[in-house]
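Have a look at the structure below, then the notes.
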Amino acid sequence: MFQTAVLQNRALVDKVLKSFQGAGGYDAHVLPGLKITGSEPGRITAEFLVEKQHLNRLKSVHGGLLATVVDLGGSLAIASKGLFATGVSTDINISYISGAKEGDVVKMDAKCDKLGKTLAFTSIELSSNGKLVALGRHNKFVAQAYGDPENEIPLKK
């Protein structure tokens, strides 16, 4: 039974990521290579290869790209709790710890710390080559997201 729940969870997270990337907007252009590597309720892991277009002028991964990864990671962590609609951002922050360069793989560990009636709180850790690259927090307004018919959790009252 647990294995079935994990497979359903992974399928929803993959579906949400495809929805982000398939919309043809920002996520499709900057992170088409983001790959989910694991998923369980409340947590996802993913990774991407740092490419030339991800670099700043100092040839290190651009902070704006890492902020996008935090944004997407928070959304996917919420999706792992059963929400296809993952709400809208209310707050996002990131602390940059060290860099990553072209050819490095950046790994993401994103957790949904709390999914409430109106707000969700997530934390995201990014690392590469065994070093912490960045820490982020992403909070979202989810009250209206509970009404999406593609959600896989019961409606919140």
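The values are calculated or read from the model by the stated rules, or taken from the named source; none is laboratory data. It should be emphasised that the depicted structure is a prediction, and the values quoted were computed from it without experimental measurement. Here the Cβ positions follow ideal geometry from the backbone for every residue, glycine too, while neighbour counts run over all protein chains shown.
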For this session: Give the range 40-65 a look and list any residue that's of a type in the set (S, T, N, Q) and not in a helix (DSSP H, G or I), or say none.
Result: Thr45, Asn56, Ser60
Exercise. Out of the range 30-39, which residues are surrounded by 14 or more Cβ atoms within 10 Å (Cβ to Cβ) and in a loop (DSSP other than H, G, I, E, B)?
Worked result: Leu31, Leu34
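Residue check: is Thr68 assigned to a helix (DSSP H, G or I) and modelled with pLDDT of 95 or more?
Yes, satisfied.
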For this session: Check the range 11-28 and report whether any residue there is assigned to a loop (DSSP other than H, G, I, E, B) and crowded, with 18+ Cβ neighbours inside 10 Å.
Result: no
Exercise. Among the candidates Ser89, Ser60, which residue alone is touching an Asp or Glu at 6+ places or on another chain (Cβ under 8 Å), surrounded by fewer than 24 Cβ atoms within 10 Å (Cβ to Cβ) and in contact (Cβ under 8 Å) with a residue 40 or more places away in the chain?
Worked result: Ser89
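Please go through the range 71-101 and give me each residue that is assigned to a loop (DSSP other than H, G, I, E, B) and not aliphatic (A, V, I, L, M), ordered by number.
Once the filter is applied, which keeps residues that are assigned to a loop (DSSP other than H, G, I, E, B) and not aliphatic (A, V, I, L, M), the range 71-101 yields Ser80, Lys81, Gly82, Phe84, Thr86, Gly87, Ser98, Gly99, Lys101.
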Problem set entry | Number of the condition not met by Thr122 [criteria: (1) in a loop (DSSP other than H, G, I, E, B); (2) touching a helix residue (DSSP H, G or I) at 6+ places or on another chain (Cβ under 8 Å); (3) among the hydroxyl-bearing types (Ser, Thr, Tyr)] | (1)
